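First the structure, in the form of structure tokens, and then the observations on it.
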Amino acid sequence: MTDYAIVVGIDLYPGISPLQGAQRDADEFAAWLALPEGGGVDPANVARLTTGCFHPPMPARASQAQPTADQFRDRFTDIVTDDTGRVRTPAGRRLTLYFSGHGFMGNTTAIERAVYSANATTLAPDHIAATRYANWAVRAGLFDELVLICDACADLSLTTSIAEPILMPLVNAARAARVRTFYAYASPAGAKAREKPLGADKQVRGIFSYLLLEALRQAPGADDGCVMATHVRDYIHNAWPDIAGPDVLPPTIAVEPARDLLMARRPPTVKQPATAVTLMAVGAGAAEVVVLGGNGKECLTTTMAGGQADVSLPAGLYKAVVQGTGRSTLFQAIGEVTRVDIP
Amino acid sequence: MSISRNRKAPLRVTAAEEATEIFVIDSSLSRVASGMGSLDVQVRPGIYKVRLRSGASMEDTLVEVQEGDGATVAARPIAFQSAAPLPGTLTTHEPHQAAWARAADPPSLHWGSGASLFVMVRDPSIVRGKESRTEPWAGITVQDAEGRTLGAMDKEGERMQEVGVGWLHAEADPGMHLICVDTGLSGVQCMAVHLCPGWQTQVILSTASVRRSAPAGEGDADAAPKQRSVRRAALTEAAIYYGRPGGARDPAQSQELLRLTELVRQGLAQGRPTAPLAEVKSGRWITTDNPMLALLTAYVEAAKPKPDARLLRSLAKELAAELPGHPDVLALQVLAGGGIAPKRKGVSAIPYASGWVAPNPSGPSGRPWLLQPPMLAAALSALLQAMDPAPGSLVQRIQESLLPGAPWLVWRRTAAVRMRSAQSAR
């Protein structure tokens, strides 16, 4: 069975305010989706709806900005129906819906998110009902797995009423009960999703999307190379305060451990991407430093030069011991670069 | 160092507060255990990360669990964000604490009798030694159940201009009052507070940036979209307490419980399991100075997939004694599966006299009519399981304007909400 994805990333909001990193986030996620060692989705099955697909030229009016909610609905229905418009059951193995842009949550008790379409204005706050589309697909049982990723604020309340997608209700309770889901929202209830310069090129990216991609690429998976949704969730939550700050609410990520999803599979021969770690021990000169893994086994030994050593380690927790000095520290290797001061 | 991976060792973590969440993460960055307040788990020797979370604030500690002895982590209190200037929070200021202490003074305004209301607003962004230029009290009014303004913070309130804090303290009738904030850019936002006989209701607000973008072309036709912002009181983040007029009997314990109340409120907002259940079961603070802690704790429990109905019933009963006729307490009874109050000796126990609920005009077999909103969003959902919104009532008018993401019921006042019912229902 086939995997499908719709990737939405909107920077241009003439009627609200512009964003800087939403399209980049969407493009990078779409690129990861299409990688064989990444999402493994046939690029022909990844529908992109990003600002760059439509602009420039710049729209003359806010109402002409794209992508729109109707365009999303068209892509969605294209995936779940055949050429004659009939619903395909099943429609595929997995459907991934990714959104980055301005967003809000509904005022219902259910945790629902929506993302403003590019043509949204304060008068006409058009939006894509992200969670409702995902829930519709789950209830219809059209896919075995549903991945919903929403990197958008939960508090930009031009409106608080999420519009119901114009789709006929389809319910297949038996199939719906078997659907595995991964719903990830960048911001918890009432909070903001942030973007800032991130990565080696210091380009503006959404903090959540950046960490999500880092998790998909670097999270230590199981021994067989399988990176499950719970691994991704734990990696993001673990790294969150380091990237976002200690007082920023972490994302809301819902996955049932008993119904975990395979998010990426790295061949056992492919090493987990490593973090560049700089070990600093002032005054240690050319001492030897031993790095022990979380299980106490030695990972590597290296000689410092001027109290500094550069090593490469998979993401995880470690202990660095400067031989013959009694100096040691526990540290975490995560992200692209980590600096460790050994007191 | 070589570790036997087969034998497990104890890892004991004790947070400073019961409402602090604890997570244990292993060296492969997977979560292996979690708990509240304290945690005692057996783990394989190795390196672990212990994460403590209070409100939105997190602190991490790396710990090496040794074979045999294991490891112990005893954490200090974590500073977190709060509208209230509680000691040990991120934006506390001594002058703001001094302003809050004025709640123990006799009320300076008299709108009624039997209960009191203390509303305080502060600008948490003030810099020590630098005079505040903001006016956090701008646009704040207190209104009665009919929407009539009883007091405006910028007119009737007191203030310490230089440190950005103002307050309003009134003796008032028990029952629902509205706290409203005219944000200027994003309309008027309102919330309901229910004043109870013998209790002082404290509403502590802090300011937040309210933004509204102006579409391109507004003003300068060639200009890019502009974003305007002002700082106004944020009702959604309000810290609300019920206290004894004149102050707490034990100020030290009171501060501890107020911190706990804030953590539970933030947990409720974020869907986190922050209920201090050991405290609840001991019943230590139900009858002391802080029924709001018990109320919020009950709602955290009620939000769980399988709430403890017996615990909820017990809390509802105890709270009903402290806050008689309070809609959020009656709603708790509904959530506990008890429905609304049954008739006792032929007399309905529904608190019709409190004014927020009325008998159904079609007769006793009809569902009661809900006239006024409760304080918590979850309470409104619960009450509507057992009652109908009265036609033309405030409850009916606000339902399309509720702001999401807060445990409190906060709504934006629109034309439909403002419109008073000029005609009676047919």
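The values are calculated or read from the model by the stated rules, or taken from the named source; none is laboratory data. Everything numeric here is computed off the predicted structure, so don't read it as measured data. Don't worry about glycine lacking a Cβ; one is built from the backbone with ideal geometry, like all the others, and counts go over all protein chains shown.
Only residues that are among the hydrophobic types (A, V, I, L, M, F, W, C), in a loop (DSSP other than H, G, I, E, B) and buried (at least 23 other Cβ atoms within 10 Å of the Cβ): list them for the range B:358-377, please.
Answer for the range B:358-377, where residues must be among the hydrophobic types (A, V, I, L, M, F, W, C), in a loop (DSSP other than H, G, I, E, B) and buried (at least 23 other Cβ atoms within 10 Å of the Cβ): just B:Met375.
Within the range A:280-311, can you find the residues that are surrounded by 14 or more Cβ atoms within 10 Å (Cβ to Cβ), within 14 Å of chain B (Cβ to nearest Cβ) and part of a loop (DSSP other than H, G, I, E, B)?
Residues satisfying the conditions are A:Gly294, A:Asn295, A:Gly296.
Being within 11 Å of chain A (Cβ to nearest Cβ) and of a type in the set (S, T, N, Q) is the filter here; which residues of the range B:47-88 pass it?
Result: B:Ser54, B:Ser57, B:Thr61, B:Gln66, B:Gln81.
Hey, can you tell me all the residues within the range B:355-387 that are touching a residue at least 60 places away in the same chain (Cβ under 8 Å) and over 27 Å from the mean Cα position of the chain (by Cα)?
Scanning the range B:355-387 gives a single hit, B:Pro361.
Determine, yes or no, whether B:Arg12 is within 21 Å of A:Leu330 (Cβ to Cβ) and touching a helix residue (DSSP H, G or I) at 6+ places or on another chain (Cβ under 8 Å).
Judged against the criteria, B:Arg12 is not a match.
Regarding B:Arg122, is this residue in contact with a Phe, Trp or Tyr (Cβ under 9 Å, 6 or more places away or on another chain), under 20 Å from B:Gly166 (Cβ atoms) and either more than 11 Å from every other protein chain (Cβ to nearest Cβ) or touching a residue at least 40 places away in the same chain (Cβ under 8 Å) (or both)?
yes
When you look at B:Asp289, is it under 30 Å from B:Asp105 (Cβ atoms), at pLDDT below 70 and within 17 Å of the chain's Cα centre (by Cα), yes or no?
Here the answer is yes, as B:Asp289 does meet what is asked.
Looking only at strands (runs of 3 or more DSSP E) that fall completely inside the range A:1-105, which ones have 1 or more residues that are within 14 Å of chain B (Cβ to nearest Cβ) and touching a residue at least 40 places away in the same chain (Cβ under 8 Å)?
Filter on the range A:1-105 gives A:103-105.
Residues in the range A:112-131: is at least one charged (D, E, K, R), in contact with a strand residue (DSSP E or B) (Cβ under 9 Å, 6 or more places away or on another chain) and within 11 Å of chain B (Cβ to nearest Cβ)?
Within the range A:112-131, one or more residues are charged (D, E, K, R), in contact with a strand residue (DSSP E or B) (Cβ under 9 Å, 6 or more places away or on another chain) and within 11 Å of chain B (Cβ to nearest Cβ).
If I filter the range A:201-234 down to residues being more than 12 Å from chain B (Cβ to nearest Cβ) and among the polar types (S, T, N, Q), which single residue comes out as surrounded by the fewest Cβ atoms within 10 Å (Cβ to Cβ)?
A:Gln203
Would you check if there is a residue in the range A:158-174 being in contact with a helix residue (DSSP H, G or I) (Cβ under 8 Å, 6 or more places away or on another chain), at the interface with chain B (Cβ under 9 Å from one of its Cβ atoms) and assigned to a loop (DSSP other than H, G, I, E, B)?
No, the conditions are met nowhere in the range A:158-174.
Could you figure out which of (1) at pLDDT below 90; (2) surrounded by 21 or more Cβ atoms within 10 Å (Cβ to Cβ); (3) facing chain A (nearest Cβ under 10 Å) isn't true of B:Ser27?
Unmet for B:Ser27, out of (1) at pLDDT below 90; (2) surrounded by 21 or more Cβ atoms within 10 Å (Cβ to Cβ); (3) facing chain A (nearest Cβ under 10 Å): (1).
When only residues in the range A:187-200 that are within 14 Å of the chain's Cα centre (by Cα) and within 14 Å of chain B (Cβ to nearest Cβ) count, which is surrounded by the fewest Cβ atoms within 10 Å (Cβ to Cβ)?
Per the criteria, the residue is A:Arg194.
Quick check on my filter: what residues within the range B:58-85 are buried (at least 22 other Cβ atoms within 10 Å of the Cβ) and under 18 Å from the mean Cα position of the chain (by Cα)?
Scanning the range B:58-85 gives B:Phe80, B:Ser82, B:Ala83, B:Ala84, B:Pro85.
Return the residue satisfying two criteria in turn: it lies in the range B:5-19 and is away from every other protein chain (no Cβ under 14 Å) and assigned to a strand (DSSP E or B), and of such residues it is nearest to the chain's Cα centre (by Cα).
Among them, the one singled out is B:Thr14.
Can you pull out every residue in the range A:323-343 that is of a type in the set (A, V, I, L, M), outside any loop (DSSP other than H, G, I, E, B) and touching a Gly at 6+ places or on another chain (Cβ under 9 Å)?
Hit for the range A:323-343 is A:Ala333, nothing else.
Select from the range B:395-416 the residues that are more than 10 Å from every other protein chain (Cβ to nearest Cβ) and out of contact with any strand residue (DSSP E or B) (no Cβ under 8 Å at 6 or more places or on another chain) and write down the one among them that is modelled with the lowest pLDDT.
The extreme case among them is B:Ala416.
If only one of A:Ile236, A:Ile243, A:Ile253 is part of a strand (DSSP E or B), closer than 24 Å to A:Ala184 by Cβ, touching a residue at least 12 places away in the same chain (Cβ under 8 Å) and assigned by TED's automatic domain parsing to the domain that holds A:Ala200, which one is it?
Just one listed residue meets the conditions, A:Ile253.
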